[in-house]
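Here is the structure we will look at, set down as structure tokens.
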């Protein structure tokens, strides 16, 4: 009778261990990768070369960001893919040495970024991860009627970030991410060439299928 009892205990422990291993295996960061993000972005941009009157020297602002990320996992925890990101900023301009806040809410500065990325989970069974992205970038300012002011500023950007996610299902996790992006853009209106050098800290909520 005692032998049967211990046999049952060992069977139960073995079954629990197998089930736990299976559950861990199910919650591994591997395979197809898809992520959506929404967040808050801050803009700090210096402008040089402007010949407009009054002369613009800087843009500051805050706005909402959103992005999509798609990729594959050649090795557990290592993701390679492409991303498309955008942010719409409520700007404050520094022109002629004075801070100018637009009276019309239609005045926005919109950023677009697209390019390759790498995302790395040091432990594929856990949620901590680091990412880096290099991208083509475009910056478009809209006027008081909401129309785009041409031409757009074109350039390149580099982003680095890190965050943490919690599994809520076998392939779905929710979390947060902090990221800093910096870039350089050039705009060529009729008055001359304007050069923008910017940095953009960002805090985002993430939903990841992986």
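The values are calculated or read from the model by the stated rules, or taken from the named source; none is laboratory data. Computed from a prediction, not measured in an experiment: that's the story for all the values here. All Cβ positions, glycine included, derive from the backbone under ideal geometry; neighbour counts span all protein chains shown.
Residues that are out of contact with any helix residue (DSSP H, G or I) (no Cβ under 6 Å at 6 or more places or on another chain) and without any contact (Cβ under 8 Å) to a residue 12 or more places away in the chain: does region 115-122 have at least one?
In the first step, residues of region 115-122 are kept if they are out of contact with any helix residue (DSSP H, G or I) (no Cβ under 6 Å at 6 or more places or on another chain); the result is 115-122.
So of that shortlist, the ones also without any contact (Cβ under 8 Å) to a residue 12 or more places away in the chain come out as none.
Looking for residues that are out of contact with any helix residue (DSSP H, G or I) (no Cβ under 6 Å at 6 or more places or on another chain) and without any contact (Cβ under 8 Å) to a residue 12 or more places away in the chain, one finds none in region 115-122, hence no.
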Exercise. What number of residues within region 163-210 satisfy the criterion of being closer than 25 Å to residue 148 by Cβ and in a loop (DSSP other than H, G, I, E, B)?
Worked result: 6
Problem set entry | region 72-100, residues that are modelled with pLDDT of 90 or more and in a loop (DSSP other than H, G, I, E, B) | 76, 77
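For the structure I just gave you, tell me whether residue 142 is at pLDDT below 95 and in contact with a helix residue (DSSP H, G or I) (Cβ under 8 Å, 6 or more places away or on another chain).
Details: at pLDDT below 95: yes; in contact with a helix residue (DSSP H, G or I) (Cβ under 8 Å, 6 or more places away or on another chain): no.
Judged against the criteria, residue 142 is not a match.
Residue by residue, here is whether (1) under 16 Å from the mean Cα position of the chain (by Cα); (2) surrounded by 17 or more Cβ atoms within 10 Å (Cβ to Cβ); (3) under 15 Å from residue 112 (Cα atoms) holds:
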position	(1), (2), (3)
144	no, no, no
153	no, yes, yes
172	no, no, no
176	yes, no, no
183	yes, yes, yes
190	no, no, no
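Within region 40-71, which residues are more than 18 Å from the chain's Cα centre (by Cα) and assigned to a strand (DSSP E or B)?
Narrowing region 40-71 to residues more than 18 Å from the chain's Cα centre (by Cα): 45-60.
Within region 40-71, 45, 46, 47, 48, 56, 57, 58, 59, 60 meet the criteria.
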